[in-house]
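Just below is one structure, and these are the notes that go with it.
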Amino acid sequence: MKENFFQKDIETMSRKQLDELQLERLKWIVDYSMRNVPFYAERLTKAGVTAEKIKSLSDIQYIPFTTKDDIRDNYPYGLFGAKMKDIVRIHASSGTTGKPTVVGYTKNDINNWSDCVARLSAAVGVTDEDVAQISFGYGLFTGALGLHYGLEKLGCAVIPVSSGNTEKQAMLLKDFGTTVLISTPSYAMYMSEVAHDMGITNDELKLRIGLFGSEGCTMELRDKIEKGFGLFSTDNYGMSELMGPGVSGECVERNGLHFAEDHFLPEIINSNTGEKLAAGEEGELVVTTLTKEGIPMLRYRTKDITKLNYDTCKCGRTHCRMEKVGGRADDMLKIRGVNVFPSQIESVLAQIEGISPHYELVLTRKNYTDYLEVRIELVDTNLLENYGQLEELRNLAVAKLKTVLGISAKVTLVAPRSLKRYEGKARRIVDRRNEGQ
Ligand code: DLL
């Protein structure tokens, strides 16, 4: 059997070697960020941190946190550490307002990114003999191109089909002899149903591995997909601010996602107090990029809730494992693979005349696809009798939401004062996605 490693020497380094490497790189990134990003120079100087003062990994606690708002406030390129001449790629993901969070990559970053993705792919047994169908959306989203470069580096034949057009996806799975499917778990589930509806049987498919990520997946859904397609799948995690996919991924043991610890230094904190928690304790994941030049991230608050396990895994990898993401410390929703913040919706609605600030977001799931309905209260009851004007207003809201969120939402206009009012924190999200599936 072929060994499931892409960079075995790195993936199986002793803890001591890893700690030394991380310390050396932590000093480097602090120095690099200070020299190249005025935002960090100011923050670090204020906090009294310099690379020379970092003597051990625990000194990371003196570095201030970085947040999504910091990236947004420096939109679009303010946190870039490299000059545009050295940036070779730009990606973006949705932020908390209309403006996206923009990230840049140098050639070295793309190279490291591809290594990280190649590692998690090799860890589940993907080899250069495989045919990999990438069903993530190509574009500003990091998912498709991130997996694409990593799988190419591994030597796979990559099919860049992108997302959507599910019947065609199913046809290609069969006709092109796809062996590895790359998508969100929910899209994989939907694709398997469509394929079977088209009369395609698993015997006609060569699928053997699923690399799923970008959203959470319950064990039940994973079982269903695996049975539906007759494959073995792993979960991989990442985010555009840190790089994209490749930050961590499961091996065949599926007992936690191995962090690429030579490129990322993870910590867990108490989300409310910012206090650092011990290994094994659950809290918010905070990550420092150790090698990234395009946009270095010092103690980035991911808002994802998880815990870390430093025991060596049965697979031989020494890099720590994070538990599957258990939730969010903020109100971000992942809808059809896209990050959506209720505050984005709120700011869109605030710009439309005739609409009150009261709204409700209803999330449902049909055919393993997420649907968002935005229920909005009208200001004026008379409008309910004017069909033309009502439609105009509805279409305007639909178009504005599509522009800002990047996904389509159904808009329902409801009578003034008909939505529930709250005395405390408003509960505007009704998530019915896990009911009845
Ligand atoms: O979703 C990067 C990615 C693409 C990862 C493809 C894996 C595969 P963003 O669009 O910036 O990046 O969204 C990042 O998605 O903070 C998590 O909340 C969530 N997320 C990503 N992967 C997982 C996962 C990509 N495996 C945000 N399980 C993160 C649960 C995930 N949540």
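The values are calculated or read from the model by the stated rules, or taken from the named source; none is laboratory data. The model shown is predicted, which means the values in this text are computed figures rather than measured ones. Note that each Cβ is placed from the backbone with ideal geometry, even for glycine, and that neighbours are counted across all protein chains shown. These area figures cover heavy atoms from the full protein model, side chains too; ligands, DNA and RNA do not enter into them. Shrake-Rupley method; radii C 1.70, N 1.55, O 1.52, S 1.80 Å.
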Partners for LYS227 among aspartates and glutamates (Cα-Cα distance below 17 Å; same-chain residues under 8 apart left out) = GLU193, ASP197, ASP203, GLU204, ASP235
note = So for R0 = 25 Å, FRET eff. of ARG421-ALA350 from the Cβ-Cβ r, to 0.05, ends up at 0.90
key: Spin-label pair THR67/GLU253, simplified geometry with 7 Å Cα→Cβ offset, distance in nm   = 3.6
note = Carbon and sulfur atoms account, in whole percent of the 1.4 Å probe accessible area of the range 201-303, for 48
task = Note the full-extension length gain between SER58 and LYS334 as 0.36 nm times their separation in residues minus their Cα-Cα distance, in nm to one decimal.
result = 96.1 nm
ask   = Which residues does a label at TYR75 reach in the range 363-405, if reach means a backbone N under 14 Å from a point 7 Å past the Cα toward the Cβ?
value = 403-405
request  = Please work out the FRET efficiency for the pair ARG433 and THR412, using the Cβ-Cβ distance as r and a Förster radius of 25 Å; give the result to the nearest 0.05.
outcome  = 0.90
Accessible surface of the range 80-133, 1.4 Å probe, proportion on carbon and sulfur as whole % = 51
message = Among the listed pairs LYS174/LYS224; LYS68/LYS107; LYS53/LYS324; LYS85/LYS276; LYS107/LYS206, which have their C-alpha atoms separated by more than 27 angstrom in this model?
response = LYS53/LYS324; LYS85/LYS276; LYS107/LYS206
query = For the range 69-180, what does the alpha-carbon gyration tensor say about shape, rounded, prolate or oblate, given a ≥ b ≥ c as the root eigenvalues, a/c under 1.5 as rounded, and a/b over b/c as prolate?
reply = oblate
inquiry  = How much of the DSSP bridge set in the chain is antiparallel, in percent, rounded to the nearest 5?
reply    = 65
Unsatisfied cross-links (Cα-Cα over 19 Å) in the set LYS99/LYS402; LYS168/LYS410; LYS334/LYS410; LYS27/LYS83; LYS8/LYS292 = LYS168/LYS410; LYS27/LYS83; LYS8/LYS292
note = Output ordering of 48-55, 281-288 (per-residue mean of other Cβ within 10 Å, highest first) is 281-288, 48-55
ask   = Expressed in nm to one decimal, what extension gain is obtained for the pair THR201 and ASN270 from 0.36 nm per residue of sequence separation less their Cα-Cα distance?
value = 20.0 nm
query = Efficiency by 1/(1 + (r/R0)^6): what FRET value for LYS99 and GLU385, r their Cβ-Cβ distance, R0 = 56 Å, to the nearest 0.05?
reply = 0.90
ask   = Taking H as built 1.01 Å from N, whose amide H comes closer than 5 Å to the amide H of ASP130, not counting residues under 5 places away?
value = ALA157
message = Shape verdict for the chain, please, from the Cα gyration tensor: rounded (a/c under 1.5), prolate (a/b greater than b/c) or oblate.
response = oblate
